[in-house]
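Data block below; observations after.
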Amino acid sequence: MLNVLKIALRNLARFGRRTLLTSTLITLGIVSVLLFVAIAGSFKAMMIGQFTDAVLGHIEVHRKGYVASIDTLPLNLNMQPAMVARVEQALAKLEAVEAYSTRVKLGAMFSNFTETTSIRVNGVDPGKEVATTPLLPGRIVEGSKQGPVLKRGEILIPLLLARGMKVKVGDTIVLVATNRDGSVNGKTFTVRAVLESVSGPSGRDGYIHIEDARDLLRMKDAEVSEIAIRLKDPAQLDRVYAQLSKTLTGFAGKSGNAAMAGKGGGAGLEVHTWADLSPFASIARMIDLLTLFIKIMLVSIVLVSIMNVMVMAVYERIREIGTISAIGTPPRKILSLFLAEGLLLGAGGTALGTVIALALIYALNVWKITFDFGQQHGLVLTPTIRAADVAIIAVMVVIVALLASLQPAWKASRMDPVTALGHV
Amino acid sequence: MQLIRAEKLVKTYRAGEVDVPAVKGVDFSIDAKSFVAFVGPSGSGKSTLLNMIGCLDHPTSGRLSVLDTDVGGLNRRAAAEFRGLHIGFVFQEFNLIPVLTVYENIEYPLIMVQDWPAQKRRKQIMRLLESVDMLEQAHKRPDQISGGQKQRVAVARALATDPQLVLADEPTANLDHDTAYRIIELMKRMRDELGTTFVFSTHDPKIMGEAEIIFTLDDGRLHSSPGKAEVVHA
Ligand SMILES: Nc1ncnc2c1ncn2[C@@H]1O[C@H](COP(=O)(O)OP(=O)(O)OP(=O)(O)O)[C@@H](O)[C@H]1O
Ligand SMILES: [Mg+2]
């Protein structure tokens, strides 16, 4: 075995330039794929983190039908206290849940006493909200990030609104809302802080205290529009989603089938993951698809280049093959000689490519590349790649290298010695 | 003891639609430890005959036994195994493996064809290197030595596994007269030392004179009787 490798290695060295070119190609392929996987993966994770940690949480529970008409923030589709209690009971039993926040969502008129515009507002319990969407305090661009994020009588307003209405921190404004019965009510608030907008749904909503929201809407019961849930480990999303769907809707279908969920249990609730609620989910899927395509391209490059080299190698050495075959080298040893050559070529390129890619990924983390996405600026890219991903890609390339040498190696091992010896 | 025996041996190639008779029914036998040459003009069937003896090609008809084995009936794998066990080859173009040193070329059949333990291997290679006077060049690559030296290494490689028979198709055709003569002398000396049977083919009258038994082939047929002949070919 060692001798087979030794001979293979010497033959690769003998055609040094060709070996160098081919392994460079494989190295470049590996570097591009690993870099792409690391950068795209961390971009995806970061964007998902932005959505889940700033606004949406990982999972949201609504009354059935709410999400379908979420644009109008319908007040008649709020969850009644009994429903809320059921959800809270279910959540208490789930080990994987880190925190949850009950919200009252409403549309209102926002007035600075000279001008009026519309605003969407989340009534929240500040403590629970920050526990569920920990990036919220970080979004404060005017006003103090310290201290309680919100007290009764205070409002957090989005940056665009603050600019448009020329409202500053500490100003008094009025919210006017129509309640479920159609009567109108108004309430003054002090601007506690201005929030940076984030991309995605509810990224430009204001925040008030949940009790203020209920007062404004003259709610008699402690109704809730949505319950946002944060998980300890986002990787548990699918499992927790299934469990929660089962308990709350009697239907443990896959994410996205939530529309059907209510029909089974008839509990009148619906459960969604962040991916169901955010348009970014489709971008994330695109990224996954792109990654797949790039991997397919890598495999093709490796396949074609190694096959090409091995076909050449066999062709050039026909007489040599005839010689070793004539003196009695068993066909399987001839096969292994050429397989070893393809394998070494693939493995060498892969090893070098992996080292370079990991070094580059490390360097990218040291240099701190920043980028802008939508309203957000200066997001820091921290490319990371899982050891399993590296291993899978490397093993894949090495296997493809072997497969690519299989046909030429097979041909070499089946060669008729007399014909091969007569070859010039 | 008869090492090789051929009866009514025929080889007919098929080139497209036409049959090309290369060996047209020959009978001969070769004793163990002999030093034999097949001579004859180009196209007379020397290579064809040697290939059949070497189990590289199948006879079309007739019987051919080598070492009491009917080699006509061997399949591909069995033929390869038989060659690896019993036959050494020396080629016209030397055919050393270019990426291996002189030492490693002689070692090759001991590793890749047979499986000799390292100690025994080393002893055998050193002995052969000394016999063919290539000790000094042991660590050179084939492209760093002369044609005659290459053929000496090739003889050593052919003898590495202690075969009973060494076949050499025109082993001297690529060498000048003096060198050719010395290669034949070397083979004869190895025959004397080891008792290996050598069968070679040649055009060269001076070389064929070194053989103890000469078979003359003409258009696929053998001249009636072999001899220690002054057969010089036109
Ligand atoms: N593979 C083949 N297909 C068809 N005909 C062949 C083949 N090999 C040899 N022949 C023919 O068989 C005959 C004998 O060829 P062979 O090579 O045995 O002669 P040779 O005595 O070795 O000649 P040389 O001295 O030129 O090497 C020739 O007529 C040749 O053309
Ligand atoms: Mg010939």
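The values are calculated or read from the model by the stated rules, or taken from the named source; none is laboratory data. None of the values given here were measured: they were computed from a predicted structure. When we count neighbours, we look across all protein chains shown, and the Cβ atoms used for this are built from the backbone with ideal geometry, even at glycine. Each accessible area value is taken on the protein alone, full model and side chains, heavy atoms only, with ligands, DNA and RNA left out. Shrake-Rupley method; radii C 1.70, N 1.55, O 1.52, S 1.80 Å.
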*Which of the GluC sites (Glu not before Pro) found in region A:27-123 are in a DSSP loop and have at most 12 neighbouring Cβ atoms, other than their own, within 10 Å?*
A:95, A:115
_Over 40 Å [Cα-Cα, the protein assembly as shown], rounded percent_ = 55 percent
*Measure out, as a whole number of angstrom, how far apart the alpha-carbon centroids of region A:129-148 and region B:131-170 sit.*
84 Å
_As a test of the definition: with a 1.4 Å probe, what buried accessible area, both sides summed, do you compute for A against B, in Å² to the nearest 100?_
2200 Å²
*In whole angstrom, note down how far apart the Cα centers of region B:25-99 and region A:270-288 are.*
73 Å
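If you add up the charges near residue A:218, with Lys and Arg at +1 and Asp and Glu at -1, over every other residue whose beta carbon is less than 10 angstrom from its beta carbon, what do you get?
Combined, the nearby Lys, Arg, Asp and Glu give +1.
Can you give me the accessible area per residue for region A:311-408, using a 1.4 Å probe, in Å²? Before the final figure, lay out each step's value.
Numbers: 4490 Å² over 98 residues.
For region A:311-408, the solvent-accessible area averages 46 Å² per residue.
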*Please give the helix A:280-316 orientation as an angle from the longest Cα principal axis of chain A, in degrees from 0 to 90, rounded to the nearest 10.*
0 degrees
*Give A:128/A:168; B:46/B:206; B:123/B:206; A:44/A:168; A:333/B:11; A:64/A:151 a once-over and call out the pairs whose C-alpha atoms are over 23 Å from each other.*
A:128/A:168; B:123/B:206; A:44/A:168; A:333/B:11; A:64/A:151
*Using only protein heavy atoms and a 1.4 Å probe, report how much of residue A:151 is accessible, in Å² to the nearest 10.*
110 Å²
*If you average the sequence gap of Cα pairs under 8 Å that are 6 or more apart and divide by the length of region A:65-267, what percent do you get for the contact order?*
27 percent
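With the contact rule set at Cα under 8 Å and sequence spacing of 6 or more, what percent relative contact order holds for chain B? Can you show the working numbers first?
Details: 450 pairs, mean separation 64.8, N = 234.
Across chain B, relative contact order equals 28 percent.
Loop-only check: which chymotrypsin sites (Phe, Trp or Tyr not before Pro) in region A:42-145 are DSSP coil with at most 10 other Cβ within 10 angstrom? Don't skip to the answer; put the middle values down first.
On the way: sites: A:43, A:51, A:66, A:100, A:110, A:113; in loops: A:66, A:113.
Here the sparse-neighbourhood loop sites are A:113.
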*Against the longest principal axis of chain B, how steep is helix B:147-159, in degrees 0 to 90 to the nearest 10, with axes from Cα atoms?*
80 degrees
*Give the relative contact order (percent, whole number) for chain A; include only Cα pairs under 8 Å separated by 6+ residues.*
24 percent
*asked:* Nearest 10 degrees is fine. How inclined is helix B:76-86 to the longest principal axis of chain B, computing both from alpha carbons?
replied: 60 degrees
*With a 10 Å radius around each residue's Cβ, average the other Cβ atoms per peptide and rank A:280-286, A:190-196, A:233-239, highest first.*
A:190-196, A:280-286, A:233-239
*Could you tally the net charge around residue A:155, taking each other residue with its Cβ under 9 Å from the Cβ of residue A:155, Lys/Arg +1 and Asp/Glu -1?*
-1
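Of the heavy-atom accessible surface of chain B (probe 1.4 angstrom), what whole percent is carbon and sulfur?
On the way: 4850 of 10300 Å².
Roughly 47 percent, rounded to a whole number.
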*Mind checking the mean number of beta-carbon atoms from other chains within 10 Å of the Cβ atoms in A:316-328?*
6
*asked:* What whole-number distance in Å separates the alpha-carbon centres of region A:167-228 and region A:33-72?
replied: 23 Å
